[in-house]
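Every number in this text was worked out from the coordinates using simple rules, so none of it is lab data. Worth saying up front: this structure is predicted, and the values here are computed from it rather than measured. Every residue, glycine as well, gets a Cβ built from its backbone with ideal geometry; the counts of neighbours run over all protein chains shown.
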Amino acid sequence: MTQGVKKIIEACIHAWSNIIADADTITREKVVKILKESYRKFKVKPLKDYAKTGLYEREIITLYVVGKYGLNIIDEMEYISDIFNKEKKYERLYLMLTEKCEDPELNRTLDSLSAETVLKTARFGLIMSLLGFASDSRFLEIMSCLIKLFPKYSTKLYKLAKIFIALEIAKKVSEGVIKNRFEKEALKQALCMKINSPKVAPSDKMIYQIAKYYFGVSEEQAFQVLNVKDSILAKI
């Protein structure tokens, strides 16, 4: 487990302890506040994606995933299940998309979904992959499916796909699998092809930011692989 992912899980565990202690009076607004305070305590930064506002509202997806798939606190979550109605919807859609993307009936069902639902379902898949609860190939399948089904939301979906590709490359850099810029570009293009779009290629700056924060990659190691110039880029 990388240092960045470990901090995310620790922050969510801390948040869950406070949420469960206040289960009788908890509201979604309180959950957002508790999660925000936990992230600050553990120095965790929300995963920025397609919008600058509402980051902690979207981070409830991370909290939900850690609670259900990491801590397995099913009974505790069921007691306050109404709080997570949105996340349960994103989860159902996520699971459906992995099984029936080419089903015409599913396509008609999904046609009326809002941009928020589509994008947060994609984010659900991204978090599942980031935290190690689902394979990377599953996320790629879902993104390809969503971009195909919802071209009107493609610009924001591309932003999520860029984050995923940046995470994948950063992970390979930290593991020493990618040792030079040629190998980095080859992997970047290969991942873009799996999503069927060159528009999802992340910048080396984005990769560097993620590599430093989530994987603890040193500047020296990053500079051997990425086209970045100075340490100011490390600021997220």
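Of note:
- Reduced Cα scattering model of segment 154-200, Debye log10 I(q)/I(0), q = 0.14, 0.33 Å⁻¹: -0.32, -1.19
- Computed over segment 8-69, Kirkwood Rh from alpha-carbon pairs, angstrom: 11.6
- Kirkwood Rh in Å, taken over all unlike Cα pairs in segment 147-236: 13.2
- Proportion of all alpha-carbon pairs of segment 6-138 beyond 21 Å (%): 41
- Applying 1/(1 + (r/R0)^6) with R0 = 22 Å to the Cβ-Cβ distance of Lys6 and Glu76 gives a FRET efficiency near 0.50.
- Taking the average, over residues, of other Cβ atoms within 10 Å as the packing measure, peptides 78-88, 149-159 rank 149-159, 78-88 from highest down.
- Evaluated at q = 0.18, 0.19, 0.20 Å⁻¹, a Debye calculation over the C-alpha positions of segment 80-213 (equal weights, vacuum) places log10 I(q)/I(0) at -0.98, -1.07, -1.16.
- Largest first and in whole Å, the equivalent-ellipsoid semi-axes of the chain read 29, 24, 14, each the square root of five times a Cα gyration tensor eigenvalue.
- Residue-averaged [θ]222 nm for the chain, counting only DSSP H segments that reach four residues, each worth -39500 (n - 2.57): -20500 deg cm²/dmol
- Ordering of 61-72, 130-141 by packing [mean C-beta count within 10 Å, highest first]: 61-72, 130-141
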